[in-house]
Structures are given as C-alpha cells and as structure tokens.
Amino acid sequence: MKIKNYINGEFVNSISNNWLDNYNPSLGEVYGEIPNSDSKDVEKAYQAAVKAFSKWSNTTLEERSIILSNIANLILEKLDDLASAESKDNGKPVSLAMQVDIPRAASNFQFFANAITQFASESHESVGLDAVNFTLRQPLGVVGCISPWNLPLYLFTWKIAPAIAAGNCVVAKPSEVTPMTAFLLGKICNEAGLPNGVLNIVHGLGTTTGQAIVEHPYIKAISFTGGTKTGAHIARIAAPMFKKLSLELGGKNPNIIFSDCDYNKMLETTVRSSFANQGQICLCGSRILVEESIFEKFKKDFVQKVSQLKVGNPSEKSTDIGALVSQQHLEKVKSYIDIAEQEGGKILYGGNRVEVMNCKNGYYLQPTIIEVSNNNCKLNQEEIFGPVVTIMSFKTDEEALWLANDVKYGLSSTIWTNNLNRTMQFSKQLQTGIVWVNTWMLRDLRTPFGGAKESGVGREGGLEALCFFTEPKNVCIKYN
Ligand code: TXE
C-alpha cells in the first residue's frame, strides 16, 4: 500500500520519489510506504495553498460551513473503514477508534462548521471622541499544522478544521508513524467538495518535512502537537520569523484522589485515565496521588481491576490494551520500567512485554503500576507516555497540591473529592491548563484546551482556535 501526498486536490508521489516504511505495530511488520517528502514538496504544497487562498478566504461562511459539514458526515459514513485503518496504523484497539478517535474527528469538523457561523468580533465606541472602532478578524493566509501519532485523525482534524473554517489554506503533516487516516482524509475532502489547494497534506519525517514547514518563510503560523523537546526546537526556528505558534506538548498529569470521593466511579475512571490508548494520551493521569487513609485499599482494588484488562490484538473487539505505536517507543517506555527499582519504586503490577497469539512480533506491554515514595525521581518527573502509572500517598491537602505542582509540566489534572471548598482551592492553585473534578477527559469543544509551564503555549478549541487562526485588525473610524 503506497500512501501519497495530497497537493492541490491530487494524490502525488514525493518529487524525489523516495519512500519510508510504514509499520503495523500490532504485528511489528511493514505494511506500506509513505512519501519521504522534503522542502521541495513542502514548497509545492505551499504554492497550491497560496493559489487557493484568495478565493477560499472570500467564500461565504455558509459555503465553508456546508463543506466542513460534508466532511464531518463523510467521516461518519466511513466510520468502520477509518477506525480499522487507525487501529492497524497505530496499534490502538479498534473499539476505541470506533468510539473515540473517528467520531471525534467528525465532531471537530462539525463543531467548526457551526462555530464559524457564530464567530463575532468586537466594536468599541470611543465616547467623546466621535470615533468608533471595530475589529476585523482576517485569516492569516497559509498555515502549517503538524500532528502526532497517538490520536492521529483526532488531533490532525482538531487543527485543520478551525484553520480552514477561518478561511486559511493549510500545509499539514501527520506523524510519519501514523499517516494512513490523514491520507484517507484527503479523499474525503475531495468528495466533500473542498476546493483544490485549501488543504494540502505532505508526508515525511519531522526533521525534514516538518522542519521545512516550520522554516518556510511565508507559512504564517504553526499549530503543533507533539513532544516538549520538539516544541522547543520549533519555537527556536519560528521565533525570529515572528510566526504565530500554538504548541500542545507533553504532560505528567496528577490524578489526586481524596477519601471523600465517590470511590467506585473514581476507580473505574482511574483505570481509563491511566491506560486508555495504552497510556499514550497527553491527558492521561500518569501520577496517581492517593490520600493516606485509603491508600492500601486503593492499591489492592486498582491492581485487581487492572489485572482484568485484556492486552491483545487491537482488531479484536474484546481487547482493552493494544500495541504500543512503535518498537522505538516500546523501548523508551520499557526503559522507565527498568529503572523503577533503582529509583526506589516497587512494581505492583505488570512491567513485562506480552506475547499475543498470532502477533508475536507486535509491541505489547502489560499495564504497569509502580509505587513510589518520592516525587523527585524520573518516573514521576518525565513523560513516559505509555501504559505505566506511578502511585504514591499523601497526608494533607497542602502536600497533595505541592506534589501535583512539583513537575515541569502543566497540562491537566484530575481531583476526586466531594468537598466544594477543596475543589475550588485546588482549581485555583493547580498549575495546569485543565482541571477535571470527578471526571476525566470529558471534553466540551468550546473550552480552551492547552497547557501551562512546559506543556505548551497557546490554547486550542472553540473561540481560542478561531482567534489563533485569524489576525485581529483594529479599524478606527472618525466621524463628525
Ligand atoms: O514526537 P515528536 P515523538 C511526547 C511523548 C513521546 C515524545 C516523543 O513523550 O514519547 O513526545 O515522541 C513532527 N520540525 N509526545 O518523537 O517528534 C513529527 O514528525 C517539525 C506527546 O514521536 O514531537 C510528528 O508529526 N516537526 C504528544 C510531530 O512532530 C517535527 C504526542 C510529533 O512528533 C520535527 C506525541 C521538527 N524538527 C508525543 N520533529 C502529545 N502532546 O500528545 C518532529 N516533528
């Protein structure tokens, strides 16, 4: 299976005609090839985008909205095919792709199809000066969207939908590790009537294709989701060109559990927030902090529940935990488990690779729970991004808050409590972009999404995304 670049509405090879292998992680086997694009391909995509811009940015909001809705509907029509493609490419359980990834990709388009028709700008009357100001919000031009492998179509469309809804044209790059559903999206865009050149998808490595997008002098903004190190690198390149940047980076999110919570609900959700998508979600609660009075009970119940999760072939509906995305990533995650003892950690469950029947070369790992007694260790400070959580106890609210904030990341946090004062105090003092209380990953697409500290810069979602993808211009009119 050869994936192609999608430029100006056409499916084309890279100019160099070089290719990269694409793996099926559940089998550990190559099953296709993707173009190994370079700066020439990015330039070709840019030229298509810039040519399409003046017409696209002048389409009525209704026209744009209808096309975005068409894309959403077609994604839902092709739910089965897209979900199995995502599962094969990424290793995630097909049930998860059916329930979360693909429906959410459709919602991203439907949400911004609606949002753009309601996007209003401000006006300010300069009282006493006989002047009135209004804010024109114009699209930026050609923008770059670069997305990761953990939620491939979900995060790719989360960027593209607001960018094109706001009237921009896009040069986009999905992760080279999971290119398949982005390729299929190109076909859907043609079928939905998206004019040629509005969306261009270039496949290839981050350090060549991705970097060429960031370095392109006329690509005016970069919306990026990925690792913190890559984000810092992109910021260094983009800053001297004064590009607008939205960077959604890593996390090391605390899941803070108080004894007054709804215990059963907490336990069930904590299994999900720890291991959904093999723990490869930037929002996973990878540091579980438990109030001392229920610590022993929690450990016992949590281990028992986690031991029931089925690690298996992602294409089987009964699988809870599929394969990790790549051999390289499996090795990275495993290297953290290997240092657990050295760091004073105790493995309460898991820790080993799993050999799945008929998939013996796949990248499977047991869900792993490590008890730690000290926050100042790699296991609690670095993003592992796999099916590995640590747990530790705390005695007081102050200690819990201190532990929660004592990391360089600040993406999300979860608190389990029924105490309103505590909820408010923690909500105000947690240094994260998102605070969930008695829930996890409940997403309302109108809310600002993003992280504090080294988890990123800027916010996505709702109005924030439409503001990011437009330039505000103040028009001041003096009258007599
Ligand atoms: O991500 P990269 P990687 C974290 C997680 C993971 C680590 C590394 O901890 O273990 O990052 O993962 C493109 N210029 N997250 O190496 O490299 C790349 O091709 C422009 C958290 O896979 O950051 C891909 O499309 N682009 C995270 C995208 O960036 C570049 C999700 C992300 O890849 C580039 C994924 C460059 N120089 C990993 N280098 C989250 N926040 O959800 C790479 N890319």
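Tabulated data
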item	result
Ordering of 127-139, 12-24, 79-91, 254-266 by burial proxy (mean other Cβ atoms within 10 Å per residue, highest first)	79-91, 254-266, 12-24, 127-139
Tilt relative to the chain, helix 152-165 - C-alpha long axis, 0 to 90 degrees, to 10	30
Using distinct alpha-carbon pairs, which all enter the 1/r mean, Kirkwood radius of segment 433-480 in Å	13.3
Lys/Arg +1, Asp/Glu -1 at C-beta; the chain dipole; positive extreme among G251, W402, G186	G186
Per-selection metrics, segment 134-231 (Cα): Rg and Dmax in Å	13.2, 45
Segment 194-343: translational diffusion in µm²/s, Stokes-Einstein, Kirkwood Rh over Cα pairs, 25 °C, 0.890 mPa s	129
Solvent-free Debye scattering, log10 I(q)/I(0), computed from the Cα coordinates of segment 342-480 at q = 0.17, 0.18 Å⁻¹	-1.09, -1.16
Against the rule of thumb 2.2 N^0.38 Å, how large the Cα Rg of segment 187-268 comes out	1.67
Translational D in µm²/s for the chain (Stokes-Einstein at 4 °C, 1.567 mPa s, Kirkwood Rh from C-alpha pairs)	56
Fraction of antiparallel bridges per DSSP, the chain only, in percent to nearest 5	45
Whole-percent pair-distance distribution, where bins are 10 Å wide, for the alpha carbons of segment 33-82	21, 26, 37, 16
Dipole in debye (nearest 20) - the chain, about Cα centre, beta carbon charges: Lys, Arg +1; Asp, Glu -1	500
Over segment 98-257, relative contact order from alpha-carbon pairs under 8 Å, at least 6 apart, %	21
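A short reminder: the numbers here are calculations on the coordinates, not readings from a lab. Worth saying up front: this structure is predicted, and the values here are computed from it rather than measured. Neighbour counts run over all protein chains shown; Cβ positions are idealised from the backbone, glycine included.
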